[in-house]
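My questions all concern the structure below.
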């Protein structure tokens with residue numbers, strides 16, 4: 001069929017524009033505008049007995065009777081056509097990767113327990129809720145697409161965020177802690193070691209003062225023990241207080257136990273495990289060394 005000259009020119013312009021758009025177009029993952037978000041190297045695949053991804057039926061398919069399926073506004077979210085995203089972790093999996101997932105879900109206010117390092121029912125529900133809020137299929141399994149969205153919304157958790165529900169790993173003790181009876185306190189790992197002659201008898205998580213009321217660093221000694229102490233300056237309880245520098249002491253904190261690292265002290269070394277600080281208070285003596293270090 002012969003095309004009139006003007007129509008042929010318009011058609012050629014449209015084809016040229018479409019070709020340029022195809023050449024310059026690119027696909028960017030949500031939250032990956034700089035192209036630098038990649039899966040961490042340490043990500044582990046789920047165990048071989050982990051359940052497979054549960055996929056919802058495509059809304060554009062056929063009904064059970066063979067006819068076209070009727071559209072419904074309440075139909076579950078579906079992924080674009082193509083290979084299903086790889087599942088990284090699902091219910092029953094364990095490990096450091098799951099712990100990081102839980103810490104990031106806490107940052108996004110989808111999980112309020114843990115991290116525990118175990119992909120349990122609470123984690124599954126949190127992932128499902130996160131997925132549904134963002135138009136992703138509510139599988140409850142952590143896949144690559146869901147993980148990238150979560151990475152874009154959160155920061156890499158520190159060790160204190162990864163171990164909110166337990167004692168986080170303590171770093172190597174300061175050399176000044178290796179002789180005598182010592183409360184060896186690390187600001188880096190946020191831990192307190194109770195050590196006698198270089199041997200660690202007890203370890204507990206601690207928190208410190210804010211930037212305006214920092215916990216002092218250096219070598220001190222316990223100069224006073226006060227089992228039922230109440231701060232005269234802040235009118236707050238300081239049970240099991242072991243004073244080591246002016247008004248600064250190692251003591252149990254109700255606030256730390258309730259809010260974790262969301263808060264801070266006025267310079268004291270807070271302990272959230274009441275049983276642990278009670279045992280330490282019973283063993284520590286006036287004159288015992290206290291080392292606060294990074």
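The values are calculated or read from the model by the stated rules, or taken from the named source; none is laboratory data. If you're wondering where the values come from, they're calculated on a predicted model, not measured in any experiment. For neighbour counting, all protein chains shown are included, and Cβ atoms are generated from backbone atoms with ideal geometry for every residue, glycine included.
Within region 143-160, is there a residue that is touching a helix residue (DSSP H, G or I) at 6+ places or on another chain (Cβ under 7 Å), farther than 20 Å from residue 259 by Cβ and in the same structural domain as residue 274 (by TED's automatic domain parsing)?
No, that holds for no residue.
Counting just the residues of region 117-138 that are in contact with a helix residue (DSSP H, G or I) (Cβ under 7 Å, 6 or more places away or on another chain) and more than 17 Å from residue 151 (Cα to Cα), which one comes out surrounded by the most Cβ atoms within 10 Å (Cβ to Cβ)?
Top of the filtered list is 119.
Being touching a helix residue (DSSP H, G or I) at 6+ places or on another chain (Cβ under 8 Å) and assigned by TED's automatic domain parsing to the domain that holds residue 263: is that true of residue 194 here?
yes
Which ones in region 260-271 are over 11 Å from residue 192 (Cβ atoms) and touching a strand residue (DSSP E or B) at 6+ places or on another chain (Cβ under 9 Å)?
Within region 260-271, 260, 261, 263, 264, 265, 266, 267, 268 qualify.
Among the residues of region 272-288, which ones are outside any helix (DSSP H, G or I) and either at pLDDT 95 or above or surrounded by fewer than 18 Cβ atoms within 10 Å (Cβ to Cβ) (or both)?
Scanning region 272-288 gives 284, 285, 286, 287, 288.
Can you tell me which residue in region 173-230 is surrounded by the most Cβ atoms within 10 Å (Cβ to Cβ), limited to those that are within 15 Å of residue 252 (Cα to Cα) and free of Cβ contacts under 8 Å to residues at least 12 places away in the same chain?
The extreme case among them is 230.
Inspect region 244-263 for any residue being surrounded by fewer than 17 Cβ atoms within 10 Å (Cβ to Cβ) and assigned to a strand (DSSP E or B) and give the result as yes or no.
Among the residues of region 244-263, not one is surrounded by fewer than 17 Cβ atoms within 10 Å (Cβ to Cβ) and assigned to a strand (DSSP E or B), which makes the answer no.
If residue 170 satisfies all but one of (1) in contact with a strand residue (DSSP E or B) (Cβ under 7 Å, 6 or more places away or on another chain); (2) surrounded by 15 or more Cβ atoms within 10 Å (Cβ to Cβ); (3) at pLDDT 95 or above, what's the number of the condition it fails?
Unmet condition: (3).
Tell me which residues, restricted to region 127-180, are under 19 Å from residue 271 (Cα atoms) and not in a helix (DSSP H, G or I).
Passing the criteria: 158, 163, 164, 165, 166, 167, 168, 169, 170, 171, 173.
When only residues in region 111-126 that are assigned to a helix (DSSP H, G or I) and more than 14 Å from residue 88 (Cα to Cα) count, which is nearest to the chain's Cα centre (by Cα)?
Restricting to residues being assigned to a helix (DSSP H, G or I) and more than 14 Å from residue 88 (Cα to Cα), the top hit is 126.
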